[in-house]
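Q: For reference, the structure I am asking about is given below.
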Amino acid sequence: MMQTPEIAREIPKCMGGSPKTTLAAAELEGNAVRISGETRLLYHGSKSGIVGDIQPISRERCDFGRGFYMGTERTQALTLICNFPNAKLYTLRADLAGLCILDVGLGIDWALLIAFHRGRLHSVVERKIYQKYADMSDGCDMIVGYIADDRMFVVLDRFFSGEITDTALIASLSALKLGKQYVAISEKACRQIEILEEISLDEEERAVLRVVGEKHRQEGIRQADEICRKHRRDGRFFDEIIDGWQG
């Protein structure tokens with residue numbers, strides 16, 4: 001989540017800055033990439049704190065299915081938990097060495113993979129397009145893709161409902177400059193995550209975060225609305241994409 005100068009002045013110290021990452025060598029493995037020698041500094045927001053070992057046990061109907069979700073954007077993780085009095089923010093180090101990672105780039109695959117995991121492809125369960133996304137992360141330890149935060153969720157819902165085209169969706173995604181989420185979907189990936197810091201938020205910090213989060217949301221929705229109007233006649237609608245698949 002990007003910070004405008006006006007919003008950044010209101011953000012409490014707990015929100016910090018953007019992480020730095022190392023470079024790595026990678027090799028292709030089907031849909032996935034196997035990474036060697038790379039770590040990521042990531043953030044995880046929890047409503048009540050992590051108890052016991054890190055496990056891939058989120059709700060199934062999340063963006064990329066059941067897993068342990070981490071993000072590159074500290075602000076985004078904080079605004080997710082600002083309504084919960086016992087919330088905790090975790091700074092994590094994820095060791096990607098030896099993991100098989102599905103890296104979903106900026107495009108329609110990102111949207112349709114989310115559609116699959118959110119149950120929006122059930123009407124085509126017998127068709128090849130459903131199976132493509134059902135199988136996409138098979139054998140992977142982690143999925144990496146852009147965050148569908150509150151701003152993007154509104155745009156995604158409009159796309160799935162047939163109000164906007166894929167061109168408008170992708171243009172909105174590009175303009176909103178979302179961070180990335182790293183989702184550990186295997187026990188192996190979870191074992192390679194180290195907790196570096198746990199922070200509790202007081203009521204004053206959570207109140208500021210609620211204001212910041214709402215400003216981001218409203219500005220993002222306004223920006224996306226302008227983009228969608230610009231591209232209202234460009235591209236294909238969700239049902240056209242589904243119908244365009246053979247089999």
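Q: Tell me the helices (runs of 4 or more DSSP H) entirely within the range 111-224 that contain at least 1 residues that are among the charged types (D, E, K, R), out of contact with any Pro (no Cβ under 6 Å at 6 or more places or on another chain) and surrounded by 15 or more Cβ atoms within 10 Å (Cβ to Cβ).
A: Of the helices (runs of 4 or more DSSP H) lying wholly inside the range 111-224, those with at least 1 residues that are among the charged types (D, E, K, R), out of contact with any Pro (no Cβ under 6 Å at 6 or more places or on another chain) and surrounded by 15 or more Cβ atoms within 10 Å (Cβ to Cβ) span 128-135, 150-160, 166-176.
Q: Now for a separate question. Counting just the residues of the range 36-79 that are in a helix (DSSP H, G or I) and within 12 Å of the chain's Cα centre (by Cα), which one comes out surrounded by the fewest Cβ atoms within 10 Å (Cβ to Cβ)?
A: Looking at the filtered set, the residue picked out is GLN76.
Q: Given the conditions (1) farther than 21 Å from ARG74 by Cα; (2) within 23 Å of the chain's Cα centre (by Cα), report the number of the one that GLU240 does not fulfil.
A: (2)
Q: From the list ALA189, ALA184, ALA168, pick out the single residue that is touching an Asp or Glu at 6+ places or on another chain (Cβ under 6 Å), among the aliphatic types (A, V, I, L, M) and within 30 Å of LEU121 (Cβ to Cβ).
A: ALA189
Q: Right, something else. How many residues does the range 80-99 contain that are surrounded by fewer than 18 Cβ atoms within 10 Å (Cβ to Cβ), among the aromatic types (Phe, Trp, Tyr) and touching an Asp or Glu at 6+ places or on another chain (Cβ under 7 Å)?
A: 0
Q: Oh, and also: Of everything in the range 80-119, what is charged (D, E, K, R) and within 14 Å of the chain's Cα centre (by Cα)? Give them in sequence order.
A: If the condition is that a residue be charged (D, E, K, R) and within 14 Å of the chain's Cα centre (by Cα), then ASP103, ASP109, ARG118 are the ones that fit.
Q: In contact with a Phe, Trp or Tyr (Cβ under 9 Å, 6 or more places away or on another chain) and modelled with pLDDT under 80: is that true of ALA184 in this structure?
A: Taking the combined requirement at face value, the residue does not satisfy it.
Q: Take LEU102 and tell me if it is touching a strand residue (DSSP E or B) at 6+ places or on another chain (Cβ under 7 Å), assigned to a strand (DSSP E or B), buried (at least 20 other Cβ atoms within 10 Å of the Cβ) and of a type outside the set (Ser, Thr, Tyr).
A: yes
The values are calculated or read from the model by the stated rules, or taken from the named source; none is laboratory data. For clarity, every value in this text was computed on a predicted model and none was experimentally measured. Every residue, glycine among them, receives a Cβ derived from its backbone with ideal geometry; neighbour counts consider all protein chains shown.
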